[in-house]
Structure formats: C-alpha cells, structure tokens
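What follows is a set of notes on a single structure, which appears directly below.
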Amino acid sequence: MEKVDDAVYIKVPTTEEGLAAMQVLKRQGVGVTAAAVYTKVQGFMAITVGADFIAPYVNRIANLDVDPHELISAIADMISRTGASTKIVAASCKNIAQVNDALLAGAHTVTVRPDLLHEAFGAASATSPTTGRLSTATRASQPCETTTRAKSDGPPQAGPSLRAPVWPLGTTTGTEPDAMISMIALDLDGTLLGQDHQTVPASAIEVLAELAGEGVHVVPATGRTRGLMAHELGQLPFVNYLVSSNGASVFDRSASRPVVPAETLPVPRARQIYAVLEPYDVSFELYQDGAAYLERSRLQVFRRSFAPGFAAHLLAHTHLVDSMLPLLARGGTEKFNISGVAPDERRAIVARLLEIPELALTSSLSGNVEVMAAGVSKARALRRLAGVLGVQASDIVAFGDSDNDISMLKWAGRSYAMANGTQEARSAARHVAPSNADDGIAVTLRDLLANHRPDLDRPATLNPYCSPLSRAGSDGG
C-alpha cells in the first residue's frame, strides 16, 4: 500500500466485504473508488466509509430497468446533505445521451470510450453555433440616437431620439460588438415584479415570451425558494430553469428535478445559525427542499415585517411548524431568511453570524439578513447553469436591484440595475434600467430588440436612462 501513488484510486466493489476493505484502505491513506453501485443504500454506505469516488454503472443499471440518473441525483443529494467530499463517476456509459443525462443528474465526471468523445464533438460541429442565441450586432449607434427602418427594404434612416440605445459592452459610444443573447437572468422582487411583489407586468410577459420563443433562456434568479413563487411562475409558462434561494438551488421545471446538486448548509452549521437567532424577537424562515417554514411563535413578527398584502401572499405558501429543530436535523437547508430586524439588532445578529465559519450573508430588503452556505451566490448558480446549457457569461443579460444581485450584475456580460435599486447594485451594474414601477424590464428589452433588430417594426419607447454605469469589477460568484 505504501507504493500506491496518490493519484491512484483503487476500485473496490460496494459489497459488505468491499465496504470493510474501503475502511481499511482509507485508514492507510489510500484513495478508493466504490465500484458497482446499483442502489441508493450502496451509495450511502460508500459515502459513510469515506470513499473518494462512487461509480454507478449507468448502462448496466438501465439494463435492469432502473433509472440510473435518478440514482445519480439521489447520491448527489446525499453528498450535498452530508457535506461529504465524495465525487460521482458515471461509469459504463454507452452513448452520448447517457453521458449528458448523467452530468445533468449530478455526476462530477464520466468514463467514456474514445469513439464516444469523437461522436460528441462531431455532433457539436454539426450544430449551428448560433442556435438559441439572439444576435445584437447590427449597426453603429450614437448616444441617445436611434435608427428606424421604413417598411421598404431601403437603408435605415435617422429617426427621432426616442429609444435610448443599448450601449456596447464596456464602452459609451461607437459600434456595438458582436454580442449575443442566450440567457436573461431576472431578479423578482424590486425588479421583474410590480410594487405588489406578485404581478408580472403584461408588457414584460409579452417581450420575455417573444425572446423565449427565439430560444433565449429566461431564468428567474431570486432570493425566494421555489414554493414562494408558484403564483409568479404561473404567469411565466415559458420559464424552464429557476435559480432560487440566492443560488443555493438550480431547478429544471420541465423535468421537476435539480439541474445541479443544491448547495445546502451542513446540519451542524444550520443548528449553529438557529442557536444564534432563537433568542431574538425577529422573524426567520427556513428554506429547505424548495419549501418555506416558519415557527408559529414568530407569526406576528413576520406579519409586521412586510406590507399586509405581501405578508398574506407569502404566508399562503409557507408551512407553519412548532419548531424548526426536526427540520434542521434532516438536512437540505438552502437558506435562513431573517426579517423585521431593527438596525442595532441587525448589527448584533450579523456580528454573531460572522463568528460561524463557512457562511455567506447577504440582504435583499431593508431590515433583512439572508444566510446560506459559503460560496452560494446568484452568479455561481448562473455559472453552473450556463455550463450545463453551454452558454457563455458574455451572452447573458442580468437584471437586479439589491445587494443579493451584485454578484450576478458583476458577472454577466450585460447587466442592468433598476433605478429603484440600492446604490451598491447600481454601482455593480453596467447600466441602469427604469424602475420596476416604470416597467423597466419591458422598456429595456424592447429597446434592446428595437436598436439591434431594425428589421422589426416596433413602436418607439422613451427610456431616459441613457448613461451606462462604469464596470465595478468582476466576480466569479
């Protein structure tokens, strides 16, 4: 065993004898791959003994009339819940579809034959590189000047200064670069939704549906958990992917499953956070597995923390419990959402939370603190989703208004902070859009379409927010 290289991981069958052998090998510092995993119990036991890799045999499992990707997803969830460092190797993949599905289900890597790799690259080269990407490169523009196209096929004519131009990335004048739009990431409260925190303006629905019809991914990226946006998503039937709980969860609505494993708080960390919050007379919700939970004893504080209509709307989709402790014990906590906090109390709570290692803290509303696992952010979640979909950051347009949006506003190739947003959010974005009360999403996207697709006959819109903000750096999230 002393001669085994650190880069070698010995394959051991995941049987009773094999699990005992894995424990012996791990005690000696030898890397281990738990092989021949066909069930969730085998996966759990392999995680428990500290296997470095777990290798479900995808094609063999499928031949047993069992869904291998459901198994991979379940094992990935176990790894996330326990905070284990184990990785999943999807083995015995016999075609590209199995490879793709395994990676989408949560596998960290795959084993494939060389001819499958050649097949994969061959399929990629046969696909148009602009599929699902809306080009925005058509013409030169000057500040606060537009062009309009007559219904004939003649050249564009100078028109009145009604549409504010969508500025080239990183510049203030000149020619629009060959930018593409493959994804639009949208915060909800204070950004896409109206003042009631429930309604998507009809004009925004119209333009987003049009873009989705052209293959652009429309992705809500919100601090809410999935269960708190059922009404809002009902207005957006063309949305397939969701980023929720500030990036802890990335979910595929059409498949009803995570796109990538959720990034949740380990059980000990969640208990520490609860111990900090429990003595304070504040409202805090627990977001777990897409649902929101609130202790009954904090119901009155919760109601005082929001406008009456918004509070009633949230409570209609929130589960009331006597205690969160049983929920914390089962794991899978995406976020603590703390509300109704006075400034002095907020400073004290934040100071105590910062003493707990490996946490991420942010805020989306006044008197609010949001706590997730270290590294969780909207930018990180969008980057993970973009990697699955094959989308580049430069092809993403992001809209937000608050501090929990800053990471994605810095990361996306084109970003807009709402005029009603915080100063920090506006400093992080490249541009400012009209406020959510002024239909900022629809106005900005219509400008984008009108200024960069002059063949479309659209009514002019007035957008006074012509000046882009300076780039405040980048953040990988």
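Computed from the coordinates by the stated procedures, all read-outs in this text should not be read as laboratory data. It should be emphasised that the depicted structure is a prediction, and the values quoted were computed from it without experimental measurement. Note: ideal-geometry Cβ built from the backbone for every residue, glycine included; neighbour counts use all protein chains shown.
The label point for Val8 and the one for Ser394, both projected 7 Å from the Cα toward the Cβ, are 4.4 nm apart.
Shape class of region 267-373 from the Cα gyration tensor (axes a ≥ b ≥ c, square roots of the eigenvalues): oblate, since a/c reaches 1.5 or more and a/b does not exceed b/c. Taking +1 at the Cβ of each Lys and Arg and -1 at the Cβ of each Asp and Glu, which of Tyr280, Ala316, Ala292 sits farthest along the dipole of region 267-373 towards its positive end, judged by Cα position relative to the Cα centre? Farthest along the dipole direction, towards plus: Ala316. Taking 7 Å steps out from each Cα toward its Cβ at Gln423 and Phe238 produces label points 3.8 nm apart.
Once both labels are positioned 7 Å from their Cα atoms along Cα-to-Cβ, the gap between Ile356 and Val66 label points is 3.6 nm.
Neighbour counts of other Cβ atoms within 10 Å put Lys40, Lys410 in the fewest-to-most order Lys40, Lys410. The protection proxy used here, the mean number of other Cβ atoms lying within 10 Å of each residue, ranks peptides 414-425, 190-201 as follows, highest first: 414-425, 190-201. Coupling constants for region 264-274 follow from the phi torsions by the Karplus curve (6.51 cos²θ - 1.76 cosθ + 1.60, θ = phi - 60°), and in residue order they are 10, 6, x, 3, x, 5, 4, 5, 5, 4, 4 Hz; glycine and proline get x.
With 20 Å as the limit on Cα-Cα distance, the pairs of Lys40/Lys378; Lys26/Lys87; Lys40/Lys335 that go past it are Lys40/Lys378; Lys40/Lys335.
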